[in-house]
Amino acid sequence: MYRIINVSLKGRTGLYQLTIDRDKIYKIEPWDGSDGEIDGGGMLLTESFVVPHVHIDKVETGPLVEKATMNVYQMGTGARDAIKAAAEVKKGYDEDKIYARVKQRMLEALKYGVTYVRGFVDVDTAAGLKGFAGAIRVRDEIKEFMQLQVVAFPQQGLLLDPGAIELVEEAVKKGADVVGGIPWIEENEHDQLKHINQVLDIARKYSKPAAFLVDDAPNPALKTLEMLADETLEMGMQGKVEACHARALQLYNESNLNKVLNKVKLAGISLVTNPHTGAYHLPVEKALAHGINVSLGQDDCNDAYYPYGRCNMLEVGFLATHLLWSMDEAGRERIFDMITVRAAKSIGIENHKVKEGSRSDLVVLNEPNLREAFRYHREPRLVLYGGRPVATGT
Ligand SMILES: [Zn+2]
């Protein structure tokens, strides 16, 4: 048992002390001025950060393919073409190189206070299981410090890429944590529906959650999120499905948008948006108003689709406060929940909250409040995973 003294907490005035018992928060009380093992210096203590969506096998590959892909993806004019062009990079895939890139990125994420990551890895006929094998090695090596969930993700489609579904199933048998899908890139609605069903079938067969990229282009005719909600309900998989991107929803008319969001809520699907990676994004306020769990993803770290990104979720949140016009106090709190509590829920981590009895996955920031934390988006001074200090800032 030990104590963290002299910290601020969100939404409360004054200074607090926390007693940590093994991996749990045992007690939270006003600081009585006494000494403790860790002195927070009056700074903000919060839940640790969570990345609910990032393409980890592609980190640091950006300069190899940037010219062919970046603009077409971001403006949405040819997102399908961008994905085809970006696949070039996979011809040179090498397990050891991917292992090294993923490991470096995850260790840096930890420095930024991230203790949970859902990492999507291309598993298809171009990449085979090379990226997957590299990511699994990292996951197992870092498990004492943070949790990396590996998603077996068929980036080039299933009907468009014969053989990919068998590779996805093989990856699941070899220990993938999540079954991935990308139905919107299939050529027609019939194939899109088939794609969704194939992914959900494997998820159900192996009792895994499923994570999809849906409607990732500014085309209001795309409706794979709606199909996914229908099928999730049909197969009784409520609460086990995450859907990322959904950029097309920005162009839906009001009644169609409400219809789809109602279905998403019923199906218990969590949505992940990445407004920093393109000109269009999910209507976040609307989705939240429907009671849907919405969070912010990193999506990319220096790859074909986005040139920056460090898995620093305060940086992602800083950008989102602009892009979603959420710079007042309530807006900042909403955005902060989307990179902590809500992001955790999206990947199946419940009760990720600073409260007595919760697991102590925590950060002590270098700032006393959210306003300053977003302003500087620096690394925390301390990161705790299951009550153990796993990173200290500069
Ligand atoms: Zn993505």
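The values are calculated or read from the model by the stated rules, or taken from the named source; none is laboratory data. Since the model is a prediction, treat every value here as computed from it, not as a measurement. Quick reminder, even Gly has a Cβ in these numbers, built from the backbone with ideal geometry, and neighbours come from all protein chains shown.
Odds and ends about this structure:
- Listed conditions (1) more than 18 Å from residue 51 (Cα to Cα); (2) assigned by TED's automatic domain parsing to the domain that holds residue 26 are all met by residue 361, apart from (1).
- Residues in the stretch 50-102 that are of a type in the set (S, T, N, Q) and either surrounded by 20 or more Cβ atoms within 10 Å (Cβ to Cβ) or at positive phi (or both): 61, 69.
- Only one of the numbered conditions (1) more than 18 Å from residue 211 (Cα to Cα); (2) out of contact with any Asp or Glu (no Cβ under 9 Å at 6 or more places or on another chain) is violated by residue 266, and that is (1).
- Scope the stretch 235-256; condition in a loop (DSSP other than H, G, I, E, B) and within 16 Å of the ligand (Cβ to nearest atom); matching residues: 246
- All positions within the stretch 20-38 that are part of a strand (DSSP E or B) and crowded, with 18+ Cβ neighbours inside 10 Å: 20, 25, 28, 38
- Picking from residues in the stretch 326-370 that are under 21 Å from the mean Cα position of the chain (by Cα), hydrophobic (A, V, I, L, M, F, W, C) and part of a loop (DSSP other than H, G, I, E, B), the one that is surrounded by the most Cβ atoms within 10 Å (Cβ to Cβ) is 339.
- Subset of the stretch 111-120 that is crowded, with 22+ Cβ neighbours inside 10 Å and at negative phi - its residue that is farthest from the ligand (Cβ to nearest atom): 115
Yes/no per residue for (1) more than 24 Å from residue 83 (Cα to Cα); (2) of a type in the set (S, T, N, Q); (3) at pLDDT below 95:
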| position | (1), (2), (3) |
| --- | --- |
| 220 | no, no, no |
| 226 | no, no, no |
| 241 | no, no, no |
| 249 | no, no, no |
| 256 | yes, yes, no |
| 259 | yes, no, no |
| 263 | yes, no, no |
| 266 | yes, no, no |
| 275 | no, no, no |
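- Residue match in the stretch 285-308 (condition: hydrophobic (A, V, I, L, M, F, W, C) and surrounded by fewer than 20 Cβ atoms within 10 Å (Cβ to Cβ)): yes
- Members of the stretch 24-57 that are more than 16 Å from the ligand (Cβ to nearest atom) and touching a Gly at 6+ places or on another chain (Cβ under 9 Å): 24, 25, 26, 30, 31, 46, 48, 49
- Selection within the stretch 310-331 - in contact (Cβ under 8 Å) with a residue 60 or more places away in the chain and within 15 Å of the ligand (Cβ to nearest atom): 311
- Members of the stretch 285-317 found to be over 22 Å from residue 380 (Cα atoms) and in a helix (DSSP H, G or I), listed by number: 285, 286, 287, 288, 289
- Test: residue 123 is at pLDDT 95 or above and closer than 15 Å to residue 154 by Cβ: yes
- Pairs with Cβ under 7 Å, 6+ apart, first in the stretch 369-381 and in the same structural domain as residue 42 (by TED's automatic domain parsing) and touching a residue at least 12 places away in the same chain (Cβ under 8 Å), second part of a loop (DSSP other than H, G, I, E, B) and of a type in the set (S, T, N, Q): 377/312; 378/366; 380/366; 381/366
- Test for residue 259: is it more than 16 Å from the ligand (Cβ to nearest atom) and surrounded by 17 or more Cβ atoms within 10 Å (Cβ to Cβ): no
- Boolean, residue 276 is within 16 Å of the ligand (Cβ to nearest atom) and surrounded by fewer than 24 Cβ atoms within 10 Å (Cβ to Cβ): yes
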